[in-house]
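As structure tokens, the structure follows; a few thoughts come after it.
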């Protein structure tokens, strides 16, 4: 058999089985995800948030009430696009919120399973806490491993608020 055919057969096997039991590739993809406490009530308010867009990252500081767009060239531009009401609405979310994982959110039908597709979902926003960050809506695979978002209708309310803010600041 020629080297060409051996290469084709090996490549076919690799591609054919690439999604079989790949959940162990994600940093938080363990069977413990299925058993973890579904709802986490945050006691620490978020002090800022970042919204990714095609024009860069929109960084909103809730302490100084400033909005900065950070572009791909690491240049930043301060924007005056949010009202006092927008900042107050964000602070309401910041003061008291609960985060849910994939199983409780109901967004992922395969939540908690071991065999998942390699389907990465990028975050729609990042909450900045004093010492850490939380990516909202991010999932490492098709089963939702690593997924965190506001619980219940708060997730869609927050996404709507961020969409309105992003539209104002485009």
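Some points to look at:
- Residue 96 being under 17 Å from residue 62 (Cβ atoms) and at pLDDT below 85: yes
- Checked against the criterion of being under 18 Å from the mean Cα position of the chain (by Cα), farther than 18 Å from residue 46 by Cα, in contact (Cβ under 8 Å) with a residue 12 or more places away in the chain and not in a strand (DSSP E or B), the range 124-140 contains one or more residues that satisfy it.
- Within the range 141-161, tally of residues that are within 14 Å of the chain's Cα centre (by Cα) and surrounded by fewer than 17 Cβ atoms within 10 Å (Cβ to Cβ): 2
- Per-region count, the range 56-83, residues farther than 22 Å from residue 130 by Cα and in a loop (DSSP other than H, G, I, E, B): 9
- Residues of the range 141-167 that turn out to be touching a helix residue (DSSP H, G or I) at 6+ places or on another chain (Cβ under 9 Å), assigned to a helix (DSSP H, G or I) and either farther than 15 Å from residue 60 by Cβ or at pLDDT below 90 (or both), as a count: 3
- Verdict on residue 33 being surrounded by 14 or more Cβ atoms within 10 Å (Cβ to Cβ), modelled with pLDDT of 90 or more, at negative phi and in a helix (DSSP H, G or I): no
- Any hit, the range 100-117, residues being touching a strand residue (DSSP E or B) at 6+ places or on another chain (Cβ under 7 Å), in a strand (DSSP E or B), closer than 19 Å to residue 50 by Cβ and modelled with pLDDT of 80 or more: no
The values are calculated or read from the model by the stated rules, or taken from the named source; none is laboratory data. Treat the numbers as computed from the prediction; the structure is a model and nothing was measured. Counting neighbours? That spans all protein chains shown, and the Cβs are built from the backbone with ideal geometry, glycine included.
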